[in-house]
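Structure record follows, encoded as structure tokens.
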Amino acid sequence: MFVDTVIEDKALHKPVFLIGLSVTVLAIFFAFNLTNTIFGEFLSPVIGNPEESGFFGRLAVSFVLTILFVGNLLLISFARLKIQILIVWIELFLLFLAFAYSFDLEIAYIFQNDFICSTESARAKLCTPSKIGLMISKGLFTTIYISAVSIAIATVIAIVGAVAKLSNNGFAYAISSFYTSLFRGLPLLLQIYLIYMGLPQLGFMIDAIPSGIAALSLCYGAYMTEIFRAGIQSIPKGQWEASRALGFKFGLILRKIILPQSIPIIVPPTGNQFIAMLKDSSLVSVLGIWELMFLAKKLGAKDFNHLEMLLTAAMIYWVLTIILEMIQARIESKYKQKT
Amino acid sequence: MANNIKTQSNSESNPIISLKGVSKWYDDFQALKNIDLEVKLKEKIVICGPSGSGKSTLIRCLNRLEAHQEGEIHITGIELHERMKDIDTVRQDIGMVFQSFNLFPHLTVLENCMAGPNWVRGIDEKEAKERAMALLKQVKIPEQADKYPEQLSGGQQQRVAIARSLCMQPKVMLFDEPTSALDPEMVSEVLDTMVELAKSGMTMICVTHEMGFAKQVADRIIFMDEGEIVEQNIPEEFFNNPQNDRTKAFLDQVLS
């Protein structure tokens, strides 16, 4: 991104802004009465019994919190950019943990043995002693497997669809535009049901995993068709003309000249699609596929410890998407160097 | 017509390019009006004229990057029309150099030059590479072979573009304002390359505003305005004794 060469004063270092911010934050903390929380307990030496501290206690708690909040911002503002980013990340993450902690979860539950393992039927290889183990060995594996296959198929669909959409063949254009319209127009959940329940009506018996993969590939193939089309169209006309003037045929131009140049343009939005697809693969849990979401619901349901398992799944999804983001950044920087 | 009969009677000087009554429209706007033109083997033609006069359109019709609607265009004896099957084989014999270079930015200079022979003509990689290096030497930038186009100056890029076309061993070279996008100090290096190419006996059709180049190289200069060929003559006559008022006005502006 373009960074201007003029350094502006930091807003946080202007007294007017600082005072305005402090007053606003104070008002917000004051509006939520926090005397009955952990903060009130901390301040009990000053304000006495939190329950009876009244207006003074409420003001004191908000005041201390405001000092902490604004002081924290002020301190961070003096750090270098990279340190700033790191500290803010860590603080936000701690806040998230505090949020999760406030659910009063039974963390050990995640690591307990699962009943599935003790049954005769599940004495299979994939059965592992703990719930988290099962989530990873079975759920994570299935999620990655479904996503990876769907991503590969969706990419192929997208290339074909984009070329069809750009061609002046009436059939190709009509089929491709009908396809993108339909599959972008229906909710993914509905597509999953339609494929799983609709195809058997036509006589195709289809298992849960193939129909899940089919729905994901078709849906994301439709989105990616548009991305690929835009990527191909963004290549200057001169590239086509130069190739045509050399006697290249259409397929050769696309393969050797246009697609390689559109990859850097296609990668960022396609990365977004991959990440979105990874998470949307949770929708196939409605077909009873043992992927992350399904297992999270199943394992938590027995003892009504839903949140423990859902949070576990949430963290696994998050880590997965972070890995995908890193891969995407790598590919992007690789193409930045080359062209 | 008399000219036409003469060339037909003499089979050795059969025109490599011939246009008869070629017209082209963009919607309602007529870009080319009834163009007749014949170019013989090894002839060097310079086309000039004010912007919007149709000179680029004309040259782009010669390898059918643009389609004409009326008249006939014959290239090396093959007629160009919308239902033709072998346009790619015709194009392989016609090199084209663009104003904006249009090099392939994701390929190195060497790969740019090898692309045509290797992928289209099916020449094996080793020979294509030798040929590419020979032509890069001819345009005097063999040392840039492994660089990417954007690492080169405009003049160098245009010389690579010329080499890329020559690698296909074309019978005709078309130049569409090859120096118009260049910084002034780089114009001469490209023109020098073109002069040398002319000396080697290549058939060339150049759309250009470089009148010095036209004087030095052209066998014939064609002046176009509003989609018509207004005047054509050998350079000496064209510059010293222009017949048409529009030509005179144009030359006054260009040469002043």
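Residues of the stretch A:293-303 include at least one that is assigned to a loop (DSSP other than H, G, I, E, B), more than 10 Å from chain B (Cβ to nearest Cβ) and either without any contact (Cβ under 8 Å) to a residue 60 or more places away in the chain or surrounded by fewer than 16 Cβ atoms within 10 Å (Cβ to Cβ) (or both).
Inside the stretch B:21-43, residues that are in a strand (DSSP E or B) and more than 16 Å from residue B:80 (Cβ to Cβ) make up a count of 8.
Looking at the structure I just gave you, is residue A:237 surrounded by fewer than 18 Cβ atoms within 10 Å (Cβ to Cβ), modelled with pLDDT of 90 or more and either in contact with a Leu (Cβ under 9 Å, 6 or more places away or on another chain) or not assigned by TED's automatic domain parsing to the domain that holds residue A:135 (or both)? Here the answer is no, as residue A:237 does not meet what is asked. When the stretch A:240-273 is filtered for residues that are surrounded by fewer than 19 Cβ atoms within 10 Å (Cβ to Cβ), at the interface with chain B (Cβ under 10 Å from one of its Cβ atoms) and either under 21 Å from the mean Cα position of the chain (by Cα) or not in a helix (DSSP H, G or I) (or both), only A:249 remains. The set of residues in the stretch B:207-238 being touching a helix residue (DSSP H, G or I) at 6+ places or on another chain (Cβ under 6 Å), part of a strand (DSSP E or B) and open to solvent by 20 Å² or more (accessible area, probe 1.4 Å) consists of B:225, B:230.
Checked against the criteria, residue A:192 does not count as β-branched (Val, Ile, Thr) and within 10 Å of another protein chain (Cβ to nearest Cβ).
Within the stretch B:186-206, is even one residue farther than 24 Å from residue B:239 by Cα, polar (S, T, N, Q) and surrounded by fewer than 18 Cβ atoms within 10 Å (Cβ to Cβ)? Yes.
Being over 14 Å from the mean Cα position of the chain (by Cα), assigned to a helix (DSSP H, G or I) and either modelled with pLDDT of 90 or more or more than 13 Å from chain A (Cβ to nearest Cβ) (or both) is a property that does not hold for residue B:50.
On the stretch given as the stretch B:78-105, residues that are over 18 Å from residue B:120 (Cβ atoms) and free of Cβ contacts under 8 Å to residues at least 12 places away in the same chain total 3.
So that you can scan it fast, the table gives a plain yes or no per residue for (1) at pLDDT 75 or above; (2) among the acidic types (Asp, Glu); (3) not assigned by TED's automatic domain parsing to the domain that holds residue A:212:
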position: A:110; (1), (2), (3): yes, no, yes
position: A:115; (1), (2), (3): no, no, yes
position: A:118; (1), (2), (3): no, no, yes
position: A:121; (1), (2), (3): no, no, yes
position: A:124; (1), (2), (3): no, no, yes
position: A:137; (1), (2), (3): yes, no, no
position: A:140; (1), (2), (3): yes, no, no
position: A:143; (1), (2), (3): yes, no, no
position: A:152; (1), (2), (3): yes, no, no
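The residue that is farthest from the other protein chains (Cβ to nearest Cβ), counting only those in the stretch A:274-289 that are touching a Leu at 6+ places or on another chain (Cβ under 9 Å) and of a type outside the set (A, V, I, L, M), is A:285. Check the stretch A:304-324 and report whether any residue there is acidic (Asp, Glu) and open to solvent by 60 Å² or more (accessible area, probe 1.4 Å). There is no residue in the stretch A:304-324 that is acidic (Asp, Glu) and open to solvent by 60 Å² or more (accessible area, probe 1.4 Å). Candidates in the stretch A:33-90 are the residues that are within 23 Å of residue A:9 (Cα to Cα) and of a type in the set (Phe, Trp, Tyr); of these, the one that is most open to solvent (accessible area, probe 1.4 Å) is A:78. Using the structure shown, decide if residue B:191 is within 22 Å of residue B:100 (Cα to Cα) and in a helix (DSSP H, G or I). Taking the combined requirement at face value, the residue satisfies it. If you go through the stretch B:133-147 and keep only what is away from every other protein chain (no Cβ under 14 Å) and charged (D, E, K, R), you end up with B:137, B:140, B:143. Might you let me know whether the stretch B:137-156 holds any residue that is in a strand (DSSP E or B) and not small (Gly, Ala, Ser)? Among the residues of the stretch B:137-156, not one is in a strand (DSSP E or B) and not small (Gly, Ala, Ser), which makes the answer no. Filtered by the rule that a residue be more than 9 Å from chain A (Cβ to nearest Cβ), of a type in the set (D, E, K, R) and farther than 17 Å from residue B:162 by Cβ, the stretch B:82-114 gives B:82, B:83, B:85, B:86. Please work out which residue is most open to solvent (accessible area, probe 1.4 Å), limiting yourself to the stretch B:115-132 and to residues that are closer than 15 Å to residue B:162 by Cβ and away from chain A (no Cβ under 11 Å). Checking each candidate, the answer is B:131. Residues in the stretch A:197-213 that are of a type in the set (A, V, I, L, M) and open to solvent by less than 30 Å² (accessible area, probe 1.4 Å): A:208, A:213.
Residues that are free of Cβ contacts under 8 Å to residues at least 40 places away in the same chain, away from chain A (no Cβ under 12 Å) and either among the polar types (S, T, N, Q) or surrounded by fewer than 16 Cβ atoms within 10 Å (Cβ to Cβ) (or both) within the stretch B:148-168 comprise B:153, B:156, listed in sequence order.
Scanning the stretch A:220-234 for residues that are of a type in the set (A, V, I, L, M, F, W, C) and buried (at least 20 other Cβ atoms within 10 Å of the Cβ), which turns out farthest from the other protein chains (Cβ to nearest Cβ)? The residue in question is A:222.
With respect to the conditions (1) over 23 Å from residue A:180 (Cβ atoms); (2) under 22 Å from the mean Cα position of the chain (by Cα), residue A:208 falls short on a single one, namely (2).
The values are calculated or read from the model by the stated rules, or taken from the named source; none is laboratory data. Source: prediction; values computed, not measured. Counting neighbours? That spans all protein chains shown, and the Cβs are built from the backbone with ideal geometry, glycine included. Quick note on the areas: whole protein, heavy atoms, side chains included, nothing else; ligands and nucleic acids left out. Shrake-Rupley method; radii C 1.70, N 1.55, O 1.52, S 1.80 Å.
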